[in-house]
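The values are calculated or read from the model by the stated rules, or taken from the named source; none is laboratory data. Note that this is a predicted model, so its numbers are computed, not measured. Cβ atoms come from the backbone with ideal geometry, glycine included; neighbour counts cover every protein chain shown.
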Amino acid sequence: MIRFCLIVLSVMVLPMAAQAEEFSEAQKAAIKELVIESIMENPQTLLDSVQQFQERQEEEVRAEQDQKIQEFVANIPESMKPFSVGNPDGDVHVIEFFDYNCGYCKKAFEEVQKLLNEDKNLYVTFFEMPILGPSSQETAQWAVAASRQGKYFEYHQALMEFKGQKTPDTLEKIAKDVGLDVEKIKSEKDKMDIQEFLEDNRNKAAELGFTGTPGFLINDTPVRGYLDHARMKEAVAAARGKLKTE
């Protein structure tokens, strides 16, 4: 801990470094001794300072992420439309960051479906974020290719409801079951533009502060982690309440 504090302290006093060249070696040694002595005699004071420093850093990161979220929500890219369902003119837009191999994402999808059936003023976008290994990446590539045939939601729903390991055979069977042109998907799924699209999604999610799944943007409010039906309804209601006060 002391070593960590020294490292942080060195960062906090970095602006003084430029003046260091003005001191003699003896003076530098004396200053160093005084700093160490002060740390040993007042460890709690230093720990409090370190904690405050960390809190300020975290606040700055959150503020930066919030600003990026505001910019993102204000300029939703056209590329997200094929991955959206519900009422495009609705007053609440829910963006779900998910992975097909995430158990809580499957549970969240059930809650999203219920909400879509109940709330006709809701618009939902499924943000492909494959982060749980090669199977997740492959499944997402199939799903993006399916979006180009206008059947993204049907395929997405079938994948989310499927219980079992997603293999090339099961991905193909599910695609056939929802009426997709399987051969066309096979010819497109590995194309560079689809892989770049998914990589851009991962980068954008991380930039917005979503490093795990599931996660949600409910209008411009980020929610990280699983939401059950009741909490999801509350979050949507809060978003509507916020609109009335703006």
TODO: At least 3 residues that are on the phi > 0 side of the Ramachandran plot and assigned by TED's automatic domain parsing to the domain that holds residue 219 in each: list the strands (runs of 3 or more DSSP E) lying fully within region 83-193 that qualify.
DONE: none
- [ ] Working only within region 162-185, note down all residues that are out of contact with any Ser or Thr (no Cβ under 7 Å at 6 or more places or on another chain) and in contact (Cβ under 8 Å) with a residue 40 or more places away in the chain.
- [x] 185
TODO: Quick one: in region 62-89, of everything that is hydrophobic (A, V, I, L, M, F, W, C) and loosely packed, with under 11 Cβ neighbours inside 10 Å, which residue is modelled with the lowest pLDDT?
DONE: 63
Task: Scan of region 203-214 for residues that are surrounded by fewer than 18 Cβ atoms within 10 Å (Cβ to Cβ), assigned to a helix (DSSP H, G or I) and touching a residue at least 24 places away in the same chain (Cβ under 8 Å), ordered by number - done: 204, 207
Task: Within region 210-231, considering residues that are in contact with a strand residue (DSSP E or B) (Cβ under 8 Å, 6 or more places away or on another chain) and aliphatic (A, V, I, L, M), the one farthest from residue 67 (Cα to Cα) - done: 227
- [ ] For residue 159, work out the one condition from (1) over 19 Å from residue 133 (Cβ atoms); (2) surrounded by 16 or more Cβ atoms within 10 Å (Cβ to Cβ) it doesn't fulfil.
- [x] (1)
- [ ] Filter region 218-235 for residues that are within 17 Å of residue 127 (Cβ to Cβ) and in contact with a helix residue (DSSP H, G or I) (Cβ under 7 Å, 6 or more places away or on another chain) and give the result.
- [x] 218, 219, 220, 221, 222, 223, 226, 227, 232
- [ ] Any chance you could count how many residues in region 168-186 are within 15 Å of residue 144 (Cα to Cα) and surrounded by 14 or more Cβ atoms within 10 Å (Cβ to Cβ)?
- [x] 11
Task: Cβ-Cβ under 9 Å pairs, at least 6 apart or on other chains, region 78-100 side under 15 Å from residue 146 (Cβ atoms), far side in a loop (DSSP other than H, G, I, E, B) and among the charged types (D, E, K, R) - done: 82/148; 100/166
Open item on the list: Quick check on region 215-222. Is at least one of its residues small (Gly, Ala, Ser) and surrounded by fewer than 17 Cβ atoms within 10 Å (Cβ to Cβ)?
Closed with: no
